[in-house]
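The values are calculated or read from the model by the stated rules, or taken from the named source; none is laboratory data. The structure displayed is predicted, hence computed values, not measured ones. Don't worry about glycine lacking a Cβ; one is built from the backbone with ideal geometry, like all the others, and counts go over all protein chains shown.
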Amino acid sequence: MNAELDFEKMGGLVPAVVQDLSSGEVLMLGFMNDVAFERTLQCGYVTFFSRTRNELWTKGESSGNRLRLISCQTDCDRDTLLLRVQVEGAGLVCHQGTRSCFTELLSFQGTDSIDTVVTGDVR
């Protein structure tokens, strides 16, 4: 199946967006090479390629917060993956102890009104 993906565009890697199947929340972004992709498909748990350690790692190996693959889609350019998962364990996917890695709000003109609409938070 990985012959259908364009691993060459980013030097042998494709970004993989991880989304919680039940809530639709985006949990994290990781990178996969062809071996990580094949391992994910074979074992049913999300495996990434660490760009800093230059090795494969299966999410949740040490923490127990594993990501069970439910569905896998590619974008129209076939160079990015969307992985819909069921989170196992305590549900803390980010290494900083949060459910999602996307917790840092960046400010820009109009942030307050958009943030209030999206999250209900008034800052």
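Annotations for the structure displayed:
- Within the range 57-98, the set of residues being in a strand (DSSP E or B), in contact (Cβ under 8 Å) with a residue 60 or more places away in the chain and in contact with a Cys (Cβ under 8 Å, 6 or more places away or on another chain) comprises Leu81, Leu82, Leu83, Arg84.
- Odd one out for Ser62 among (1) farther than 22 Å from Thr103 by Cβ; (2) loosely packed, with under 13 Cβ neighbours inside 10 Å; (3) at pLDDT below 95: (1)
- Every residue from the range 12-46 that is polar (S, T, N, Q) and in a strand (DSSP E or B): Gln19
- Any chance Thr47 is surrounded by 15 or more Cβ atoms within 10 Å (Cβ to Cβ), within 24 Å of Thr103 (Cα to Cα) and in contact with a Pro (Cβ under 6 Å, 6 or more places away or on another chain): no
- Residues satisfying the stated conditions in the range 75-90, i.e. of a type in the set (Val, Ile, Thr) and in contact with an Asp or Glu (Cβ under 7 Å, 6 or more places away or on another chain): Val85, Val87
- Within the option set Ala16, Ala36, being modelled with pLDDT of 95 or more and within 11 Å of the chain's Cα centre (by Cα) holds for one residue only, Ala16.
- The set of residues in the range 69-111 that are at pLDDT 95 or above and touching a helix residue (DSSP H, G or I) at 6+ places or on another chain (Cβ under 9 Å) comprises Leu69, Cys72, Thr74, Arg78, Leu81, Leu83.
- Looking across the range 21-46, the residues that are closer than 16 Å to Gln86 by Cα and touching a Gly at 6+ places or on another chain (Cβ under 9 Å) come down to Tyr45, Val46.
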